[in-house]
C-alpha cells in the first residue's frame, strides 16, 4: 500500500485541509513515512538573505501543530526552486507512493483556476496524487 507519502505544504488554507486528510490517511496505515515538502525560492533583500529556516517555520507552523496534535510523525523537507518541478523531482527520487497537495496555494492568481502547481504536479508525477479542495 502507500507507505512513502509527501504532503506538499505552503501554509495556505488548501494546504491545511490537505494536512487534515494526510492525518486521516496515516492513521489508517500501520507503517508510513510522511514528508512535509515545502518549496521556496531563494529570495534576497539587498545584500542579506532571508532567514529561510525562520520563513519555513512561519509558513508551516499550523501544519506542524496539526500533525503533532494528532501524534503523526513527519520530516520537513525544504527544497529550493520552482514548486512545479521540485515536488515531482523529489517524488521520483524518493520513490514516493502518494502525494497529497492542496488544490490552490498562497499565490493570489491561482485562486481563479485550479492551482498551477497542483495542475502541473498531476501531469508529471509518477505516483497517485490526492488533491484537496
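The values are calculated or read from the model by the stated rules, or taken from the named source; none is laboratory data. Quantities reported herein were computed from a predicted structural model and do not represent experimental measurements. Every residue, glycine as well, gets a Cβ built from its backbone with ideal geometry; the counts of neighbours run over all protein chains shown.
The set of residues in the range 18-43 being without any contact (Cβ under 8 Å) to a residue 12 or more places away in the chain and either in a loop (DSSP other than H, G, I, E, B) or within 13 Å of the chain's Cα centre (by Cα) (or both) consists of 28, 30, 43. Of all residues in the range 1-24, which are at pLDDT 95 or above, under 19 Å from residue 133 (Cβ atoms) and either surrounded by fewer than 18 Cβ atoms within 10 Å (Cβ to Cβ) or out of contact with any strand residue (DSSP E or B) (no Cβ under 7 Å at 6 or more places or on another chain) (or both)? Once the filter is applied, which keeps residues that are at pLDDT 95 or above, under 19 Å from residue 133 (Cβ atoms) and either surrounded by fewer than 18 Cβ atoms within 10 Å (Cβ to Cβ) or out of contact with any strand residue (DSSP E or B) (no Cβ under 7 Å at 6 or more places or on another chain) (or both), the range 1-24 yields 16, 17, 20, 21, 23, 24. Among the residues making up the range 1-17, those that are touching a helix residue (DSSP H, G or I) at 6+ places or on another chain (Cβ under 9 Å) and either on the phi > 0 side of the Ramachandran plot or in a helix (DSSP H, G or I) (or both) are 11, 14, 15, 16.
The C-beta contact set for the range 88-110 (first residue on the phi > 0 side of the Ramachandran plot and outside any strand (DSSP E or B), second residue at pLDDT 95 or above and surrounded by fewer than 24 Cβ atoms within 10 Å (Cβ to Cβ), distance under 7 angstrom, 6+ apart or interchain) comprises 95/4.
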